[in-house]
Amino acid sequence: ELGLDDTPGLTSYQAAGRASVDLKPDTTTLLVASEVLQHEAPQRARIDAETADALSVLGSDLVLALGAPSVERVSRYSGLGRFYTQPSDASRVLIRGNIAYSERTFDGPGALPAPAAGLGESSTEFSLAGSFVSEISDGLTLEIRGGVSGSDRVFEAAAPWIPSAHLAATGLPLGDLAGGPAESSLTDFSLLPVLRWDRGTAGAFKTGLSTRILRYDMTASPGGVGDFAFTDADALLAGRGLARTQDEASSTFTTREVGVFAQYDVSPSPGLDVSFGARFDYEQIPAAEPSLDTDWLALTGIANPDYPDAFPQLDLRGSVSWDPANDGRTRLFTVGSVHHGNVDPTALFEAFARDGGTEATTYIGSGMSWLNGTVPGSATSLPTLALLGPDLQPPRSVRATAGVVRELAGGLSVHLAGDFRRTDFLARRRNLNLPTTAGARDAFSRDVYGTLTKDGALVAATGENARRFPGFGDVWALDPDGWSEYRAITAGLEVRTERVDLYGAFTRSETRDNWVGAAAGSPWAELDPLLPPFVESWAEGRSDFDRPNRVTASALFPVPSLPGTSVSATYRFESGRPFTPRYRYGVDANGDGSWENDVPFVPQPEDLGEVYDAWDCLRNQAGGFAVRNSCRGPSSHHMSARLQIGFGALGGQRASLFVEGLNLLESEDGVIDEALVLVDPDAPLTYAQGDTRVTVPLTVNPTFGEVLLPTTRGRMLRVGLRIGG
């Protein structure tokens, strides 16, 4: 009756057009283009029928929003204009502009998207740029480039807004994302004069200046207006669980950058090309932008606006390309660079907006209302802070690539390449308001900060002894001690003949870092779990972004007897996403203020039972704390096929009809149940040995590693008509 099994209909389309007009033959051209797109994809129901029945007392509209399929609709409208003129043989002028509007909404009975799908979004992007090129003398050219671009993005929750919530019994997420809604806009102005001197066989030298101004306007709250956890549906209905609320914050700020650069390109011998260059930039961020929190200064002697505001940066780049026989059949190449990025604007926003004027609340117990996003009035709200440290730096990446491309016989060519990338000075988070000493230890010798409180399957510490300074809540220090390292080798082949085009490539890679929780999108997930000292270097290891195996293969078969007709297919494979065995959302086992970062002690094989047999990743860590990203979810397979049929011309332009099958292989992607152990809702939490030893009752989760919420989009058939090139 509620339509929980109804599958919504889907309709997608795309149309694009382009026209070019010679306003003055050979010298002045105007080009305009536009595109309209709508793409609809299915979203699976959020909850099963049993949970839907348990929540039915909240109203049929809510049950439909959570328990019925929905449609994700992406619409995009864009336009482009480009004007080119050549006033004289020695000068050229180019002006281009584009604007695009996109919108992402969720419709249908289950119009509330799953957290993995994100929020609805609308965005407007524009750019206006131009360049003037003038040949001053033979071989000497002046080019002036400049422009302004911008974007405005609004992340919107479903109407009405339903706060985020999780059920510990099933792991199912409810409500909207905790981190939304939000708004962000950026305006970027740049000016770049360049002087190029072409000396023929002696090479080409290029030098220039650059200036850039970026203005940001952001509004967001990482915790949203309400983030809840409940043991089960009954506890939700009773208003008994764990809650976190946080004020929305806003900040507007401007960064500036000026630079100078030079590059030299030369071919010292036939088949050998060499290029090297350097760039020096000077980036400035707002000085003392946050308001001084005098209470924090009095307690700690630390001024929250005290951070460096200027950063000199030296970038280097070099490349060598060599064709030993100078016949175009073999090419050896290597490229290396040292590059600095800009200071992370999201870190700047957090430090500027969280300057003591915003408050947060954490509460465990009864009397809360999930749908209203409220906690009891007795819950304590405390100011939050974020601080940029005195060692703040922009990220720096060192990159190197080397490879060879070899053309064999019969249109067959092979390639082999190796890649290395090391990025340093990534921002990592720690809580300065954590007590300096732990008040207790658990059964696994892990320090516990603050007195733990248990409510069903939820555990947290919310009392004053969970904070070093009781007058403050979370005080984030954003330290640039994060790093990420990527290594990869790629091998591939390509065959091009009159009858077939084949391409295949395999990449084997490894990504390691100490960037804990980088893929989670939540500040509380970025905290180190603070394991005992005997657990060495837990944070350093397999990255959240490590996908070691990737395969791409494609084939195109033209039909010679039918011009413009072909059959093609593309296949992609990628290793599954790594994940760490954890507790359920809503369990703060060590009382550090986060219920998203805790790592369990892996039980012995006889206690794990069938879970131990099913997951090889647990076999080397039984009897110890779970290793970061030691397990991996299901691999993904994607395949599409296309039939294109040429049928002459329309209006003097070549025309073809195509039929495409997309996502023909449905992978098992989705939200993984990462909880290895569950808190027993019926057993008590106990303190012993003068309240210095705490025991949390735990059971093994039989559904560990299973897909809680599939996110595959289903198969799609697309039919189209193409006219022109």
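Only one of Val63, Val74 is closer than 27 Å to Gly714 by Cα, in contact with a Ser or Thr (Cβ under 8 Å, 6 or more places away or on another chain) and in a helix (DSSP H, G or I); which?
Selected residue: Val63, the only one of Val63, Val74 that is closer than 27 Å to Gly714 by Cα, in contact with a Ser or Thr (Cβ under 8 Å, 6 or more places away or on another chain) and in a helix (DSSP H, G or I).
Scan segment 512-534 residue by residue and report those that are over 22 Å from Gly593 (Cα atoms) and open to solvent by 30 Å² or more (accessible area, probe 1.4 Å).
Arg512, Phe534
Which residue out of Phe425, Phe472, Phe444, Phe420 is under 32 Å from the mean Cα position of the chain (by Cα), in a loop (DSSP other than H, G, I, E, B) and not hydroxyl-bearing (Ser, Thr, Tyr)? Working first, answer last.
Details: Phe425 fails: in a loop (DSSP other than H, G, I, E, B); Phe444 fails: under 32 Å from the mean Cα position of the chain (by Cα); Phe420 fails: in a loop (DSSP other than H, G, I, E, B).
Just one listed residue meets the conditions, Phe472.
Does Leu388 meet the test of being more than 30 Å from Leu458 (Cα to Cα), in contact (Cβ under 8 Å) with a residue 24 or more places away in the chain and in contact with a helix residue (DSSP H, G or I) (Cβ under 7 Å, 6 or more places away or on another chain)? Break it down stepwise before answering.
Details: more than 30 Å from Leu458 (Cα to Cα): yes; in contact (Cβ under 8 Å) with a residue 24 or more places away in the chain: yes; in contact with a helix residue (DSSP H, G or I) (Cβ under 7 Å, 6 or more places away or on another chain): yes.
Yes, satisfied.
Inspect segment 480-491 for any residue being more than 21 Å from the chain's Cα centre (by Cα), within 30 Å of Val567 (Cβ to Cβ) and of a type outside the set (A, V, I, L, M, F, W, C) and give the result as yes or no.
yes
Mind listing whichever residues of segment 175-207 are assigned to a strand (DSSP E or B) and at pLDDT below 90? Before the answer, list the steps.
Initially, segment 175-207 is screened for residues assigned to a strand (DSSP E or B), giving 182-198, 204-207.
Passing the criteria: only Ala182.
Hey, can you tell me all the residues within segment 535-574 that are part of a loop (DSSP other than H, G, I, E, B), in contact (Cβ under 8 Å) with a residue 24 or more places away in the chain and open to solvent by 60 Å² or more (accessible area, probe 1.4 Å)?
Passing the criteria: Glu540, Phe545, Arg547, Pro560, Leu562, Pro563.
For segment 220-296, list the strands (runs of 3 or more DSSP E) that sit wholly inside it and hold at least 3 residues that are free of Cβ contacts under 8 Å to residues at least 60 places away in the same chain and either open to solvent by 20 Å² or more (accessible area, probe 1.4 Å) or out of contact with any Gly (no Cβ under 6 Å at 6 or more places or on another chain) (or both); which are they?
249-269, 272-284
Can Ser594 be described as small (Gly, Ala, Ser) and in a strand (DSSP E or B)? Can you show your working first?
Working: small (Gly, Ala, Ser): yes; in a strand (DSSP E or B): no.
No: the conditions fail for Ser594.
Has segment 680-700 got at least one residue that is modelled with pLDDT of 95 or more, under 30 Å from the mean Cα position of the chain (by Cα) and more than 30 Å from Ala555 (Cα to Cα)?
no
Is it the case that Gly357 is at pLDDT below 90, out of contact with any Pro (no Cβ under 9 Å at 6 or more places or on another chain) and either assigned to a strand (DSSP E or B) or open to solvent by 30 Å² or more (accessible area, probe 1.4 Å) (or both)?
Against the criterion (at pLDDT below 90, out of contact with any Pro (no Cβ under 9 Å at 6 or more places or on another chain) and either assigned to a strand (DSSP E or B) or open to solvent by 30 Å² or more (accessible area, probe 1.4 Å) (or both)), Gly357 does not qualify.
Could you please find all residues in segment 650-674 being of a type in the set (S, T, N, Q) and either touching a Phe, Trp or Tyr at 6+ places or on another chain (Cβ under 8 Å) or buried (at least 16 other Cβ atoms within 10 Å of the Cβ) (or both)?
If we filter segment 650-674 for residues that are of a type in the set (S, T, N, Q), which is where we start, we get 653, 656, 663, 667.
Within segment 650-674, Ser656, Asn663, Ser667 meet the criteria.
Which residue, of Phe601, Phe647, is open to solvent by 60 Å² or more (accessible area, probe 1.4 Å) and either hydroxyl-bearing (Ser, Thr, Tyr) or out of contact with any Asp or Glu (no Cβ under 7 Å at 6 or more places or on another chain) (or both)?
The unique qualifying residue is Phe647.
From (1) crowded, with 19+ Cβ neighbours inside 10 Å; (2) of a type in the set (Gly, Ala, Ser); (3) modelled with pLDDT under 80, pick out the condition that doesn't hold for Ala159.
(1)
The values are calculated or read from the model by the stated rules, or taken from the named source; none is laboratory data. Fair warning: this is a prediction, and the values are worked out from it, not measured in the lab. Backbone-built Cβ (ideal geometry, glycine too); neighbour counts: all protein chains shown. In case anyone asks, the SASA skips ligands and DNA or RNA and just uses the protein heavy atoms, side chains included. Shrake-Rupley method; radii C 1.70, N 1.55, O 1.52, S 1.80 Å.
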